[in-house]
Every structure is written in C-alpha cells, then in structure tokens.
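Each remark here refers to the structure printed beneath this line.
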Amino acid sequence: MIGQATPVAVQVRSAHGVHKLEAFVEQNGARYSVWQLPQPSSSLDGTWNFTAGVKTTPQLKDGKAKLVIDATSNGLFGKTAHWEHDVNVVTQPPSVSADSDQHYLYLGMADLATLNLSGAFTEAGIRVGDQTFRAWPMPGGKPGYFSLFAFAWNMPPDTAPAAYASNGTGNDVTAPLVFQFPKKEQPKYTVHELQISDAFLNKVVNELDPNGSGDPVARFVKINNEMRKANNQTLFDLRLKTADHFLWSQPFQRQPHAQSEATFADLRKYIYKGKQIDQQTHLGYDLAVTQHVGVEAANDGRVVYAAPLGIYGNCIVVDHGYGLMTLYGHLSQIQVHEGDMVKRGQVMGISGQTGMAGGDHIHFGMLLDGIQIDPKEWWDPHWIKDHIAKRVDLPGFQG
Ligand SMILES: [Zn+2]
C-alpha cells in the first residue's frame, strides 16, 4: 500500500555503479516521478530510501496504481533494469474502536476484546506494551472483529492495552480499551530454590550439549539461558501456524490425576553446592502422575510441533486456533506428527524426563500469539463462558 508518505527502500547492484535511478507511480494512464537519485553513484551494491505517497504526489487517488523503478548502469553500454509492482493507494487511515466492556487485567492472564475496524488495514489487533495480538474476523460470519490478548506475566503494571490498526503506510490508529488492573488480586509468584546435583548437571549437559567441553556449571548456565531463549523463539514463531477458527468447544483439560510440582511464573533459583548459579522464570505447570504416563491433549486441535526442543526435551505443541496453543514437554516418546488433528484427552505420547527435567513429569504450557500465559483460566468453564463464549460464537460450547 502507498499512503501519505510510505517508506520505500530500493537496492541496486551493478558492476559499474548506478548512473540513473528513478521511481514513478503510475495511475489511470498518468505517470508521476516520485524520486530520483540526485547524482550518479559508484556504489556497486547500494540501498536508497525515499517515500512515495499523496504528500508528494497529491494527484494520486484511492485505488490501484503501479510503483515503477528504472535504473541505468554507469557502464559503457548504459545497461538498464526495470522493476514494477502493483500497489494500492490508500489516502485515509483505517479506523478502529473497541468494545466498552471493562477488561480486568491480571499478570499472565488472557482476555478477549471485540473490535470494529474499517478502511484498509494490513494489521490490527490489541497492543499491550511491545506485544501485539492479532484481530480476527468474528466467527460465524458476524460483523466485526475480535482479539484474544494477554497481559504478560512480566508486563509493567501501568501498561495500557489499546486496539490498533495499521495500513503499513505510516497511518497507524489506536483506540483505548476500558480496563482495570486490580492491584490486590494479582497473582503472587513464588520463589523456589532448586538444588542442582552433579548427577542432574551431568545429565542435562550430556544430553543438551553433547559435543561441548569445559566447566559443566558454565555449560549448564549457557543451556539454561541461550538455549532457553532460542527454544522460546521457536515457540513464539509457531503463532504463524495457527488456524483462523476455533478448533475446540470444551474447557481445556488438565492432565488427569496429576500433581502440580511447579506453577506458572515461579521464580527458580538454581543452587549448586550452596551457591546460586542462575535464575529463571518457569512459564508453565509441572504435572507429575506416575512414570511413563500417557500424555493427553488438553483440547481438540492440530499438532504444529512434534520433535525435540532443547530444554523442553521431546515436545508437542497443539494449536487450538486464533493463536492459542498448548505445549507438552519432557516426553520419553512422541506418538503424533506435525499436522495431525487430535481430540481432547487423546494420548499423544509418553511422559519422561528429556530436556531440562530431573524427574518424570509433563511440563504443560500455554501460548497466546506466542506469549506464554497461565493455563489455569482455560481449565475453568465459567471463565471461558464469561470471557470467550459470551463475546463470540464458540460453536458447541455448553456452559
Ligand atoms: Zn516445567
């Protein structure tokens, strides 16, 4: 899209440098020069930035147009290159408004807002601090949009979420959400000291850094930081594999008969021989049953990851639609494949202690548009009714 003053970057490679470089916008049979290289350049591989849009070419009207770039080489034969691409001229910013519901924000928790969007936009949703949660067309062909969003466990409490829409032309618009952040009722995260034995240290280091050498404590700390970060980036990127509809209709299920050995956003201090060597936030639940128990899908969905994933060990991620996913880590066996549809309660693998696990348990996590959230609300049918099913069509939900 081209709007008021849309940034364009053009890269030109030429063995002899660039003699002439010019950009045009063509619309309705007319051609407008929007930028040209002020003087020949000897650069063999250069990038130039300019803006195109109504601000400098007021003749442009809303609708289809073409962006054209012509380049001529400095060489003896003055070789030319031509590039063109269809664009849409959008002179008006999109508009966005959000529902007037009171949204209660709790650290690590999710909520749903409905939005009205109009005009042309390339991106819209709810923005919370530096995180964005996509807007989706209302299910069931109803008018409007909605966005599932999270207030992350580590989001500064004074962050105000807002609805936003952008058309990629510098015409971003936002609308405030009505919200409250009940200070007294925020989750209290606990601090745990994890005693690291030599046996555990060696198990983790040998499994996750088999070709490494050097001090095992340093290798462990590196795994716990760098590998954790890379693994979490892999999980974040899975958001792009989500379905654009609900794949589920019942409350999420918690692994049956399991005891919670750790809960969401516990702070873990890693103690080795009486000394703290590291600390990390644990973004899930550790659910223990017995050894080698069948790991059950928390809800209907589609497998989007089924492979080893560093500290998470053998790991399954199930997509439930609209950016919502569940994660199952430390398995001894994976029995599903990427792309498989699974049913709530279906056994997808066998628990174990692969990855950074000192005993047989399931690390159960949940992600919303790539952000790790507390699963507990999703286990609660009343919460789902009040926050999801009352605001959008959740076909088949009974509550
Ligand atoms: Zn865990």
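Values quoted throughout were computed directly from the atomic coordinates according to the rules given, and no laboratory measurement underlies them. This one's a predicted model, so the numbers in the text were calculated from it and none came from an experiment. Note that each Cβ is placed from the backbone with ideal geometry, even for glycine, and that neighbours are counted across all protein chains shown.
Go through segment 95-101 residue by residue and turn each phi into a ³J(HN,Hα) via Karplus (6.51, -1.76, 1.60, θ = phi - 60°); whole Hz please, and just put x for glycine and proline.
Result, rounded to whole Hz: 10, 9, 9, 10, 4, 9, 4.
Fewest Cβ neighbours within 10 Å first, please rank W136, W383, W248 accordingly.
Final ranking by Cβ density, sparse to dense: W383, W136, W248.
Explain nothing, just compute: Karplus ³J(HN,Hα) = 6.51 cos²θ - 1.76 cosθ + 1.60, θ = phi - 60°, for every residue of segment 210-220 in order, whole Hz, x for Gly and Pro.
Each residue's phi maps through the Karplus curve to give x, 9, x, 8, x, 4, x, 5, 5, 5, 4 Hz.
Using a Gaussian network model on the chain with a 10 Å cutoff between Cα atoms, which of P40, P157, P375 fluctuates the most?
P40
Under the Karplus relation 6.51 cos²θ - 1.76 cosθ + 1.60, θ = phi - 60°, what is the ordered set of whole-Hz ³J(HN,Hα) values for segment 267-281, x standing for Gly and Pro?
Each residue's phi maps through the Karplus curve to give 8, 10, 9, 8, 10, 10, 6, x, 10, 6, 9, 5, 8, 8, 9 Hz.
For the chain, with a Gaussian network of springs between Cα atoms less than 10 Å apart, report the residue from V293, V204, V87 with the top mean-square fluctuation.
V87
Helix-only mean residue ellipticity at 222 nm, the chain, DSSP H runs n ≥ 4 weighted -39,500 (n - 2.57), per residue, nearest 500. What is it?
Value at 222 nm, helices only, nearest 500: -2000 deg cm²/dmol.
Hey, what did segment 123-171 get for relative contact order, percent, Cα under 8 Å, at least 6 apart?
45 percent
Name the long-range amide H neighbours of A52: under 5 Å, sequence gap of 5 or more, or other chain; modelled H, no Pro or chain starts.
Amide H neighbours of A52, under 5 Å, 5+ apart: T6, V8.
Taking amide hydrogens as modeled 1.01 Å from N in the peptide plane, which residues meet the under 5 Å criterion relative to L394, leaving out close sequence neighbours?
none
Near the amide H of Q372, under 5 Å away, which other amide H atoms are found, from residues 5 or more places off or on another chain, if H is placed in the peptide plane?
Sorted by chain and number, the residues that satisfy this come to none at all.
Evaluate segment 123-250: find the radius of gyration of its Cα atoms, find its Kirkwood radius, and give the ratio Rg to Rh.
Values: Rg = 21.0 Å, Rh = 19.0 Å.
Ratio of gyration radius to Kirkwood radius: 1.10.
When only C-alpha pairs under 8 Å and at least 6 residues apart count, what is the relative contact order of the chain, in percent?
13 percent
Provide S95, S41 in ascending order of the number of other Cβ atoms located within 10 Å of each residue's Cβ, fewest first. Working shown, then result.
Working: S95 13, S41 17.
Ordered from fewest to most neighbouring Cβ atoms within 10 Å, S95, S41 come out as S95, S41.
If I build a Gaussian network model for the chain, linking alpha-carbon pairs within less than 10 angstrom, which residue out of A65, A15, A110 has the largest mean-square fluctuation?
Per the Cα network of the chain with a 10 Å cutoff, A15 tops the list.
Among the DSSP beta bridges whose two residues both lie in segment 48-180, what percent are antiparallel, rounded to the nearest 5?
For segment 48-180, the DSSP antiparallel bridge percentage is about 95.
How many percent of DSSP beta bridges within the chain run antiparallel, rounded to 5?
95 percent
What translational diffusion coefficient, to the nearest whole µm²/s, does the chain have by Stokes-Einstein, given a Kirkwood radius computed over alpha-carbon pairs, a temperature of 4 °C and 1.567 mPa s viscosity? Don't skip to the answer; put the middle values down first.
Numbers: Rh = 24.4 Å.
So the translational diffusion coefficient is about 53 µm²/s.
Can you sort Y270, Y328, Y322 so the residue with the fewest Cβ neighbours within 10 Å comes first?
Fewest to most other Cβ atoms nearby, the residues stand as Y270, Y322, Y328.
Mind listing P(r) for segment 269-381? All alpha-carbon pairs, 10 Å bins, whole percents.
Values per bin, smallest distances first: 15, 46, 30, 8, 2.
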